[in-house]
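Below you'll find the structure, written out as structure tokens, and then a few comments.
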């Protein structure tokens, strides 16, 4: 049987940049190394989600062409789903006692989805870029689900499965748009 000190130490995450300071360290039955692994896996997903959100809104704002209205609404819908996923994941990490992204600089250090600063992007290229980024996100989400499973964090894995389903929906729609009109 564990002593109170052993139980307390097992539940309190260590402070190493991914775990919260004492005032924010929510207690959990997960081991500190499990919290660290999940946090280190989810934070880059949050960073990539912010980057993909901004890219999707960028394309939403800078569309041009005959299908403007359809794509404008689609990109706005997709951006909203991405933004919603950020808060869900961030709050989940906090529930575990982990630290979450704190700034644009922090996002920049963790993101793998590249910013898109081109002055003009043709609509077909927007679709291809968003399709590639969403595919990359789906791959990272699948890997994160495995990390959560390996570290006894079923709830975060379940949340990621729901978010992955949304990502696959975006991929499906973007893939269909990328097909030629034959």
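Just a few scattered comments:
- Those residues of region 22-68 which are closer than 19 Å to residue 127 by Cβ and assigned to a loop (DSSP other than H, G, I, E, B), in sequence order: 62, 63, 64, 65, 66, 67
- In region 61-81, of all residues being buried (at least 19 other Cβ atoms within 10 Å of the Cβ) and without any contact (Cβ under 8 Å) to a residue 60 or more places away in the chain, the one that is farthest from residue 129 (Cα to Cα) corresponds to 79.
- Residue that is surrounded by the fewest Cβ atoms within 10 Å (Cβ to Cβ) [pool: residues in region 91-107 that are in contact (Cβ under 8 Å) with a residue 24 or more places away in the chain and out of contact with any helix residue (DSSP H, G or I) (no Cβ under 6 Å at 6 or more places or on another chain)]: 95
- Matching helices (runs of 4 or more DSSP H) fully within region 69-182 where at least 3 residues are under 12 Å from the mean Cα position of the chain (by Cα) and either at pLDDT below 95 or under 27 Å from residue 24 (Cβ atoms) (or both): 123-150, 154-178
The values are calculated or read from the model by the stated rules, or taken from the named source; none is laboratory data. Treat the numbers as computed from the prediction; the structure is a model and nothing was measured. A quick note on method: Cβ atoms are made from the backbone with ideal geometry, for glycine too, and the neighbour counts reach across all protein chains shown.
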